[in-house]
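Take a look at the structure below.
The values are calculated or read from the model by the stated rules, or taken from the named source; none is laboratory data. This structure is a prediction, so every number in the text was calculated from the model and none was measured. When we count neighbours, we look across all protein chains shown, and the Cβ atoms used for this are built from the backbone with ideal geometry, even at glycine.
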Amino acid sequence: MTTDALQATTIAGTADLFPTSPGTPAGRYLRSFWQPVRISADLPRGRAEPLTVMSEQFTLYRGASGRPVVMAPGCAHRQTMLSVGTVEDDDIRCHFHGWKFRPDGGCAEAPGQSQSLADRMSVRTYPARESFGLIFAYLGDGPEPPFPDIAEYSRAHGRDLASAPVIENNTYRRGCNYYINVENSVDLAHVPFTHRLSADPTQTKIGFSASAGVIRDIIVERTEFGIKAMEVSDEDVATQSTVLLPNVMHLIVDQRDSTMEQIAWRVPVDDDAHVSFSVTAQHTSEEGARRYRERMAELAQIAAGYPGTEECARQVLRGEKQLRDFLDHPQLVNIEDHVAQMGIGFISDPGKEHMDQSDKGVVQLRRMFTQRLSAFTAGSPTATRTW
């Protein structure tokens, strides 16, 4: 493909990919899939929290039975925030006037009001479920879609994630549009430059293997559910990354003591920030797993001495720090990506970009995403097939 052809494909039809607020094409599209909203271990029983996804507010809580509940943000009475209320058994009671709502959204009590009024009151609830340590919600309209079989996908296309000796959940917030991180997944050309520090074992204790810092040719393939990018390499483990539309990454990359496999969702908070939720496996020996856990415990103490990774990146972007100031940070890989992607923020004018051969994964993804989004807005049932 010529440079002119590559550039043309990045301009036409991409503007709808980035905004995800209610009613936008991409917002409606992402809402038609299950999206993770919280790490399960971070929501104990009896706790309620406010939740913002795609510029829309929700209430998230876990009742006494352990079931997570996602419901509308406001009480049916006066629309104050339900998340500041009290969880009672599996119900939630409003902080303002004590109205209580069941997990199905029905009003169980409305103190001072007639029972007939309480029986008519309700708040909207959304399907929620847990899998691989994450709480997922379906925030769209209509019947909930099939839930993706994470384990089976990994067995068929990865390293059998469920069998790994180390399986973790990770999350971070990044101050840029979600789509920048989605397409970064198939932009393997950035790795030798963005991650030159975290791929250098002479300077950092944890990160990619040194081979990740080598510039290689890249093969891009279109799959049934997205775009796959692979390094051309004679080594046993060459980096490969797949975007599963609309906003999921499947990554396999060599690390220093293991091969990491990760399935991650980039979930918009609003158009200027998103949260990543991942299931991450370390494929290694039992001894390698032991060393990994010991190293991570040590590094967690180091990380505690720093601000959050997003703020570390902002310090770099403001010119107050340099990436070398974070060489011992266990999340240096994330900080490096934060800096690069937050430096873009939002793709307000794709026409100012200049794509070429090393960007073929990004270009192919934008083309496929715009085609799938057009099919979705036209009502095609195949546009929302779950991987």
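Could you pull out the residue among Arg159, Arg174 that is surrounded by 21 or more Cβ atoms within 10 Å (Cβ to Cβ), assigned by TED's automatic domain parsing to the domain that holds Thr309 and in contact with a His (Cβ under 7 Å, 6 or more places away or on another chain)? Please lay out each step first, then the result.
Numbers: Arg159 fails: surrounded by 21 or more Cβ atoms within 10 Å (Cβ to Cβ).
The unique qualifying residue is Arg174.
Criterion first (modelled with pLDDT under 95, of a type in the set (Asp, Glu), over 23 Å from the mean Cα position of the chain (by Cα) and surrounded by fewer than 19 Cβ atoms within 10 Å (Cβ to Cβ)) does Asp16 satisfy it?
Numbers: modelled with pLDDT under 95: yes; of a type in the set (Asp, Glu): yes; over 23 Å from the mean Cα position of the chain (by Cα): no; surrounded by fewer than 19 Cβ atoms within 10 Å (Cβ to Cβ): yes.
In short, no.
Can you pull out the residues in segment 78-93 that are touching a residue at least 40 places away in the same chain (Cβ under 8 Å) and surrounded by fewer than 19 Cβ atoms within 10 Å (Cβ to Cβ)? Walk me through it before giving the result.
So in segment 78-93, the residues touching a residue at least 40 places away in the same chain (Cβ under 8 Å) come out as 82, 87, 92.
Of everything in segment 78-93, just one residue is touching a residue at least 40 places away in the same chain (Cβ under 8 Å) and surrounded by fewer than 19 Cβ atoms within 10 Å (Cβ to Cβ), namely Val87.
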* Within segment 330-372, work out how many residues are closer than 27 Å to Tyr29 by Cα and in a loop (DSSP other than H, G, I, E, B). => 9
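Results for (1) under 19 Å from Pro22 (Cβ atoms); (2) hydroxyl-bearing (Ser, Thr, Tyr); (3) free of Cβ contacts under 8 Å to residues at least 60 places away in the same chain; (4) not in a strand (DSSP E or B), shown as yes or no for each residue.
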site	(1), (2), (3), (4)
Thr52	yes, yes, no, no
Tyr61	no, yes, yes, no
Ala64	no, no, yes, yes
Ala76	no, no, yes, yes
His95	no, no, yes, yes
Cys107	no, no, yes, no
Ala118	no, no, yes, yes
Gly140	yes, no, no, yes
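Could you check segment 183-213 and list, in sequence order, the residues that are in a helix (DSSP H, G or I) and modelled with pLDDT of 90 or more?
Applying the first criterion (in a helix (DSSP H, G or I)) to segment 183-213 yields 183-184, 188-194, 210-213.
Once the filter is applied, which keeps residues that are in a helix (DSSP H, G or I) and modelled with pLDDT of 90 or more, segment 183-213 yields Glu183, Asn184, Leu188, Ala189, His190, Val191, Pro192, Phe193, Thr194.
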* **Test set (1) free of Cβ contacts under 8 Å to residues at least 40 places away in the same chain; (2) more than 18 Å from Leu30 (Cβ to Cβ); (3) surrounded by fewer than 18 Cβ atoms within 10 Å (Cβ to Cβ); (4) not hydrophobic (A, V, I, L, M, F, W, C) - Ser122 fails condition number** => (1)
* Does at least one position in segment 312-321 carry a residue that is crowded, with 20+ Cβ neighbours inside 10 Å, at pLDDT 95 or above and either of a type in the set (Phe, Trp, Tyr) or over 20 Å from Thr204 (Cβ atoms) (or both)? -> no
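Provide a single number: the residues in segment 279-293 that are in a helix (DSSP H, G or I) and closer than 26 Å to Arg38 by Cα.
So the answer is 3.
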* To do: Under 7 Å between Cβ atoms, at least 6 apart or on separate chains: pull out the pairs that start in segment 325-351 with a residue that is assigned by TED's automatic domain parsing to the domain that holds Asn177 and end on any residue that is among the basic types (Lys, Arg).
  => Asp328/Lys205; His338/Arg174; Gln341/Arg174; Met342/Arg174
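For residues that are part of a strand (DSSP E or B) and modelled with pLDDT under 95, scanning just segment 221-251, find the one that is nearest to the chain's Cα centre (by Cα).
Applying the first criterion (part of a strand (DSSP E or B)) to segment 221-251 yields 221-222, 226-231, 240-244, 248-251.
Restricting the remaining residues to those that are modelled with pLDDT under 95 gives 230-231, 240.
Details: Met230: 21, Glu231: 23, Gln240: 18 Å.
So, considering only residues that are part of a strand (DSSP E or B) and modelled with pLDDT under 95, the one nearest to the chain's Cα centre (by Cα) is Gln240.
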* Structure fact -> Over segment 24-57, the set of residues farther than 28 Å from Thr377 by Cα, buried (at least 19 other Cβ atoms within 10 Å of the Cβ) and not hydrophobic (A, V, I, L, M, F, W, C) is Arg38
* Asked: Do we find a residue being crowded, with 19+ Cβ neighbours inside 10 Å, modelled with pLDDT of 95 or more and out of contact with any helix residue (DSSP H, G or I) (no Cβ under 6 Å at 6 or more places or on another chain) anywhere in segment 285-301?
  -> no
